[in-house]
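> Below: one structure in structure tokens.
The values are calculated or read from the model by the stated rules, or taken from the named source; none is laboratory data. Since the model is a prediction, treat every value here as computed from it, not as a measurement. Here the Cβ positions follow ideal geometry from the backbone for every residue, glycine too, while neighbour counts run over all protein chains shown.
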Amino acid sequence: MFEDLFNLINSNILSHGGKELELEENLSENFSYKGNAVIRSWLWDVPGFRRWRVTRMDAGNKIQVLNSVAYPDYINSHPILGIDLLWFGVKNKLVAVLDFQPLVQDEKYFLQYYQGLKLLHENYSDFNTKKTMNIYDANRYFSPWVLLYSGDFNKLKIPLNIVLEKFLFNYWKIHANKLYKYKKLSDFDVKELHRNYDIYSCERDPAHGLFKSYFGEEWADNFLQNFLFPLSNRI
Ligand code: BLA
């Protein structure tokens with residue numbers, strides 16, 4: 001599951017000059033005690049980004065995950081790229097969340113960076129189930145045009161790979177245009193906002209419970225604090 005989408009993310013990263021970085025062994029791959037799940041992660045050095053991570057989890061029919069977050073360099077006030085795709089095989093349920101995660105909720109910021117995502121949101125009406133957000137606050141680090149589908153995988157009208165492809169294409173457009181600078185945020189502000197994003201996400205992430213049940217609490221804590229959201233525990 002999600003193999004094509006994983007390949008799509010990788011080829012996007014590679015075609016934009018991404019280089020794979022080495023990861024500690026227990027972060028790059030971990031098997032559950034019972035042998036019924038595996039989680040694998042990759043870290044990339046991509047021009048224009050300070051950190052780009054990708055994670056896949058395969059627990060057979062129970063759950064399949066493809067998750068990716070890209071943090072632009074501090075000199076950019078660009079939104080953070082956020083992708084969370086989950087498939088619960090027993091119910092054939094898909095939860096797909098794709099967003100340009102805003103650093104600030106500000107009209108000018110949205111005008112500057114969200115034209116592309118806005119159009120996708122209008123065109124892909126399946127992906128507007130924002131009301132299903134109850135763990136995260138939809139008004140913090142999510143945009144008004146977050147693409148969110150939660151429901152039967154077979155009822156999805158547009159193939160997910162088309163949505164992801166268009167989504168990534170529009171995100172790269174922001175990065176290609178150097179004139180797209182939102183002047184109100186300094187490097188220092190951006191750093192603080194990235195840190196707050198990590199702290200907030202680390203506290204809320206529903207993945208913690210999932211990881212704990214398969215890989216144990218110690219591994220789950222370490223993975224969240226040191227791989228998924230490393231700025232959450234640094235002063
Ligand atoms: C929901 N994400 C979830 C859920 C799980 C994960 C288990 C609950 C799904 C459900 O029961 O319906 C899983 N999250 C993960 C995993 C990782 C993770 C495995 O971070 C890490 C490898 N989540 C993100 C990113 C976004 C995101 C980058 O990690 C933004 C695009 C969004 N996930 C997101 C949202 C929900 C969700 C909005 C719905 C939660 C809610 O109701 O508020």
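> Going by the structure shown, is Arg56 in contact (Cβ under 8 Å) with a residue 40 or more places away in the chain and closer than 21 Å to Asp205 by Cβ?
Working: in contact (Cβ under 8 Å) with a residue 40 or more places away in the chain: yes; closer than 21 Å to Asp205 by Cβ: yes.
The answer is yes for Arg56.
> Find the residue count for segment 66-96, including only residues that are in contact (Cβ under 8 Å) with a residue 24 or more places away in the chain, under 15 Å from Leu210 (Cβ atoms) and within 8 Å of the ligand (Cβ to nearest atom).
Residues meeting the conditions: 4.
> Now for a different question. Do we have Arg140 as among the basic types (Lys, Arg) and at pLDDT 90 or above here?
Here the answer is no, as Arg140 does not meet what is asked.
> Taking the options Gln105, Gln112, name whichever one is free of Cβ contacts under 8 Å to residues at least 40 places away in the same chain, within 27 Å of Phe188 (Cα to Cα) and either surrounded by fewer than 16 Cβ atoms within 10 Å (Cβ to Cβ) or more than 13 Å from the ligand (Cβ to nearest atom) (or both).
Among Gln105, Gln112, only Gln105 is free of Cβ contacts under 8 Å to residues at least 40 places away in the same chain, within 27 Å of Phe188 (Cα to Cα) and either surrounded by fewer than 16 Cβ atoms within 10 Å (Cβ to Cβ) or more than 13 Å from the ligand (Cβ to nearest atom) (or both).
> Out of Leu94, Leu117, which single residue is closer than 15 Å to Gly82 by Cα, within 16 Å of the chain's Cα centre (by Cα) and modelled with pLDDT of 95 or more? Explain how you work it out, then say what you get.
Values: Leu94 fails: closer than 15 Å to Gly82 by Cα.
Going through Leu94, Leu117 in turn, just one is closer than 15 Å to Gly82 by Cα, within 16 Å of the chain's Cα centre (by Cα) and modelled with pLDDT of 95 or more: Leu117.
> Name the single residue, out of those in segment 120-147 being of a type in the set (Ser, Thr, Tyr) and under 14 Å from Leu81 (Cα atoms), that is farthest from the ligand (Cβ to nearest atom).
To start, the set of residues in segment 120-147 that are of a type in the set (Ser, Thr, Tyr) comprises 124-125, 129, 132, 136, 141, 143.
Restricting the remaining residues to those that are under 14 Å from Leu81 (Cα atoms) gives 141, 143.
Numbers: Tyr141: 8, Ser143: 10 Å.
Step by step, filter segment 120-147, then rank; the result is Ser143.
> On the given criteria, is Gly216 away from the ligand (no atom under 11 Å from the Cβ) and modelled with pLDDT of 90 or more?
Working: away from the ligand (no atom under 11 Å from the Cβ): yes; modelled with pLDDT of 90 or more: yes.
In short, yes.
> Here's another thing I want to ask about it. Can you tell me how many residues within segment 44-57 are closer than 16 Å to Pro230 by Cα and either part of a loop (DSSP other than H, G, I, E, B) or within 13 Å of the ligand (Cβ to nearest atom) (or both)?
Residues that pass the stated criteria total 5.
> Which of the residues belonging to segment 115-159 are polar (S, T, N, Q) and in a helix (DSSP H, G or I)?
The answer is Gln115, Asn123, Ser125, Thr132, Asn154.
> Could you go through segment 155-163 and let me know if any residue there is within 12 Å of Leu98 (Cβ to Cβ), touching a His at 6+ places or on another chain (Cβ under 6 Å) and either of a type outside the set (A, V, I, L, M, F, W, C) or surrounded by 16 or more Cβ atoms within 10 Å (Cβ to Cβ) (or both).
Looking through segment 155-163, none of the residues is within 12 Å of Leu98 (Cβ to Cβ), touching a His at 6+ places or on another chain (Cβ under 6 Å) and either of a type outside the set (A, V, I, L, M, F, W, C) or surrounded by 16 or more Cβ atoms within 10 Å (Cβ to Cβ) (or both).
> Still on this model: Restricting the search to segment 150-179, which residues are hydroxyl-bearing (Ser, Thr, Tyr) and either without any contact (Cβ under 8 Å) to a residue 24 or more places away in the chain or over 20 Å from Ile63 (Cα atoms) (or both)?
Tyr171
> So, one more: Considering only segment 138-152, I want to know if a residue exists there that is in contact with a Leu (Cβ under 7 Å, 6 or more places away or on another chain) and closer than 16 Å to Leu5 by Cβ.
Scanning segment 138-152 turns up at least one residue that is in contact with a Leu (Cβ under 7 Å, 6 or more places away or on another chain) and closer than 16 Å to Leu5 by Cβ.
> Hey, any hits in segment 212-225 for a residue that's closer than 18 Å to Ile80 by Cβ and touching a residue at least 40 places away in the same chain (Cβ under 8 Å)?
Within segment 212-225, none of the residues are closer than 18 Å to Ile80 by Cβ and touching a residue at least 40 places away in the same chain (Cβ under 8 Å).
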